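Asks: Supplied in structure tokens, the structure appears directly below.
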Amino acid sequence: MTIVSTTIFTFDNQTLIVPNSKIWGDVIRNVTAQSTRRVDLVFGIGYSDDIPKVEALLADIVSNCPNVLEEPEPIIRLNTLGESSVDFIVRPWVNTADYWDVYWHITREVKMRFDQEGINIPFPQRDVHVHLANNSPLAAGLTTKTENV
């Protein structure tokens, strides 16, 4: 720290030089200061998928994940009814040093297990409706059709 700026070295070996006006007048978030940390994950499923089955599957994945702490207890909840998916939050607690290992392990396991169990991971979809005037040359012979694009 100098009179003008503060130098910060990041985990991925970047050097940040931050003006002290930002340091003194803004929020500083230190994600490694505490010994434990919560991993926040969101997984979406299709609207036609079995919610209790997915809840049990997510609980199994989290409980069998190395380095997930038993206390505080992990949270697995249906959280949002989104535009294209039903979204679950998965929030296990870990020792701070294990954060990324747990994050990547759970993400990989969810994808693999969802595939094995036939659970859909939806992608955004839109229905496009084309309305043509009756006197339009294109309207002749066309029928109304809806497609996912």
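Read the figures in this text as sums done on the coordinates, not as results from a lab. Predicted model, so just to flag it, every value in this text is computed and none were measured. Note that we place each Cβ from the backbone using ideal geometry, even for glycine, and neighbour counts take in every protein chain shown.
Asks: Rounded to whole Hz and in sequence order, give me ³J(HN,Hα) for the range 107-123 from the Karplus expression 6.51 cos²θ - 1.76 cosθ + 1.60, θ = phi - 60°, writing x for Gly and Pro.
Replies: 4, 5, 5, 4, 4, 5, 5, 4, 4, 4, 8, x, 8, 7, 9, x, 10
Asks: In whole Å, largest first, what are the principal axis extents of the Cα atoms in the range 36-117?
Replies: Principal extents (Cα only, largest first): 37, 24, 18 Å.
Asks: Can you show me the helix-derived [θ] at 222 nm for the chain, built from DSSP H runs with n ≥ 4 at -39,500 (n - 2.57) apiece and divided by the number of residues, rounded to the nearest 500.
Replies: Working: 3 runs with 38 residues, N = 149.
Result for the chain: -8000 deg cm²/dmol, rounded to the nearest 500.
Asks: Each residue of the range 11-17 in order: what ³J(HN,Hα) in whole Hz does its phi give by Karplus 6.51 cos²θ - 1.76 cosθ + 1.60, θ = phi - 60°, with x for Gly and Pro?
Replies: Result, ordered by residue: 4, 8, 6, 9, 10, 9, 10 Hz.
Asks: Also: Take S85, S21, S5 and order them by how many other Cβ atoms sit within 10 Å, fewest up front.
Replies: Details: S85 21, S21 10, S5 15.
With the fewest neighbours first, S85, S21, S5 line up as S21, S5, S85.
Asks: Of the candidates R113, R29, R38, which one comes out as most mobile in a Gaussian network treatment of the chain with C-alpha springs shorter than 10 Å?
Replies: Result for the chain, Cα springs under 10 Å: R29 fluctuates most.
Asks: Just one of [x] 23.7, 75; [y] 16.9, 49; [z] 14.3, 44 is Rg and Dmax of the Cα atoms in Å as worked out from the coordinates here. Which one is it?
Replies: [x]
Asks: Scan around T80 for amide H atoms under 5 Å from its own, H built in the peptide plane at 1.01 Å from N, and keep only partners 5 or more places away or cross-chain.
Replies: Counting only residues 5 or more places away or on other chains, the set is D87.
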